[in-house]
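So the structure is just underneath, and the comments pick up after that.
Taken together, the values in this text are just the output of simple stated rules run on the coordinates, not laboratory data. Quick caveat, the model's predicted, so the values are computed rather than measured. For neighbour counting, all protein chains shown are included, and Cβ atoms are generated from backbone atoms with ideal geometry for every residue, glycine included.
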Amino acid sequence: MDCPCGSGNTYERCCEPFIKGERHPETAEQLMRSRYSAYALQEIPYIHDTLHPDSREDWDEEGAIKWSKSSVWNGLEIIQTAAGGAADDQGTVEFIANFSIGDDRLQHHERADFEKVSGRWYFKDGEMVKPKQVKREAPKIGRNDPCPCGSGKKYKKCCGK
């Protein structure tokens, strides 16, 4: 089966060895991908085990189980990775987790911080990324301005109805 993380590899060659504890991720991005796969496959103990030891105090196992089971996981997009390589001790991965709950297609857009402790990567913290505000490229048309369609009428009497 294809790996849920979207790497293009099979699950057996990608995230499964991490989730089963046979290997540890070498990079922050590998850990991010394997955590997404764990949510998609309801492997919640892996989510807990890859939390930074300092972040486990407020772990909501019931919430993680509920989110994992109630969602259909539609794919992971890695937007950007900063540091987090095999030789680094810290890294950041910005990602979008696409999922559905019922008929609603949703996205979880987060910038996640990872830290290596005793040679092993852990998810430390994350913050939601706010959508960028859309800026109008053309000037706003006023109600009494000439209609841009070229009719010669005021906008409010033509296309602005």
Check your understanding: Comparing Asn98, Asn144, Asn74, which has the greatest mean-square fluctuation in the GNM of the chain with Cα pairs linked when under 10 Å apart?
Key -> Asn144
Exercise for review: Quickly work out the Ala82-to-Ser118 label distance, labels modelled 7 Å from Cα along the C-beta direction, and quote it in nm with one decimal.
Suggested key: 2.9
Review point. Where in the stretch 81-120 is the amide nitrogen less than 16 Å from a point lying 7 Å along the Cα-to-Cβ axis of Trp59?
Key: 115, 117
Practice item. Compare the Cα positions of Cys15, Val134, Val72 along the charge dipole of the chain (+1 at Cβ of Lys, Arg; -1 at Cβ of Asp, Glu; about the Cα centre) and return the one farthest towards the positive end. Key: Val134
Review point. With labels modelled as points extended 7 Å from the Cα through the Cβ direction, what inter-label distance (nm, one decimal) is found for Gln90 paired with Arg23?
Key: 2.8
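Roughly what % antiparallel, to the nearest 5, for the DSSP beta bridges in the chain? Don't skip to the end; give the middle numbers.
Numbers: 32 of 33 bridges.
Roughly 95 percent of the DSSP beta bridges within the chain come out antiparallel.
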Exercise for review: For the stretch 109-161, calculate the relative contact order in percent as a whole number, restricting contacts to Cα pairs under 8 Å that are 6 or more residues apart.
Suggested key: 22
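Got the relative contact order for the stretch 72-152 handy, in percent, Cα pairs under 8 Å and 6 or more residues apart? Could the numbers behind the result be given before it?
Values: 123 pairs, mean separation 16.2, N = 81.
Here the relative contact order equals 20 percent.
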Exercise for review: Mind running the shape call on the stretch 4-57? Use the C-alpha gyration tensor, a ≥ b ≥ c as the square roots of the eigenvalues: rounded below 1.5 for a/c, prolate if a/b tops b/c, oblate otherwise.
Suggested key: prolate
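Please work out whether the stretch 64-108 counts as rounded, prolate or oblate from its C-alpha gyration tensor, where a ≥ b ≥ c are the square roots of the eigenvalues and a/c under 1.5 means rounded, while otherwise a/b larger than b/c means prolate and anything else oblate? Let's see the in-between values first.
Numbers: a/c = 4.33, a/b = 2.35, b/c = 1.84.
Prolate, since a/c reaches 1.5 and a/b exceeds b/c.
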Point to revise | Extension reserve of the Leu106-Lys140 stretch, reckoned as 0.36 nm per residue once the Cα distance is removed | key: 9.1 nm
Check your understanding: Using a ≥ b ≥ c from the Cα gyration tensor of the chain (square roots of the eigenvalues), is it rounded, prolate or oblate, where a/c under 1.5 gives rounded and otherwise the larger of a/b and b/c decides, a/b for prolate?
Key -> prolate
Review point. How high is the relative contact order of the chain, given as a whole-number percent (alpha carbon pairs under 8 Å, six or more residues apart)?
Key: 17
Study note, to complete from the structure: In degrees, nearest 10, the alpha-carbon axis of helix 61-70 is tilted away from the dominant principal axis of the alpha carbons of the chain by 60
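Restricting to Cα atoms and excluding each atom paired with itself, what does the Kirkwood estimate give for the stretch 71-150 in Å?
16.1
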